[in-house]
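Notes to accompany the following structure.
The values are calculated or read from the model by the stated rules, or taken from the named source; none is laboratory data. On a predicted model such as this, the values are computed, not experimentally measured, just so you know. All Cβ positions, even for glycine, are placed from backbone atoms using ideal geometry, and neighbour counts span all protein chains on display. Calculation scope for accessible area: heavy atoms of the full protein, side chains included, ligands and nucleic acids excluded. Shrake-Rupley method; radii C 1.70, N 1.55, O 1.52, S 1.80 Å.
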Amino acid sequence: MDLFAELGEKPWSVTAVSLDNEIRRLELVEQAISKSDVEIIPAILEHNDVGNVSDIDEL
């Protein structure tokens, strides 16, 4: 919750918080799909430090 910003005079504010890099998680899921390796998707979804995974081959 400390990552939320007060809107104040700004035209925008952070409205979502994640403890990990959820965009990276989505990129890895897309990579798995493009390589037809859908069996790895559960491991991607459950990984607790996905922001530091550079490629699905690391899983």
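Here are the numbers for this structure:
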| read-out | value |
| --- | --- |
| Test: residue in segment 36-54 that is at pLDDT 90 or above, surrounded by 11 or more Cβ atoms within 10 Å (Cβ to Cβ) and touching a Gly at 6+ places or on another chain (Cβ under 9 Å) | no |
| Tally, over segment 19-35, of residues that are part of a helix (DSSP H, G or I) and open to solvent by 40 Å² or more (accessible area, probe 1.4 Å) | 9 |
| Flag if residue 19 is modelled with pLDDT of 85 or more and out of contact with any strand residue (DSSP E or B) (no Cβ under 9 Å at 6 or more places or on another chain) | no |
| Cβ pairs under 6 Å, 6+ apart, first in segment 32-46 and without any contact (Cβ under 8 Å) to a residue 24 or more places away in the chain, second of a type in the set (Gly, Ala, Ser) and open to solvent by less than 90 Å² (accessible area, probe 1.4 Å) | 40/32; 41/32 |
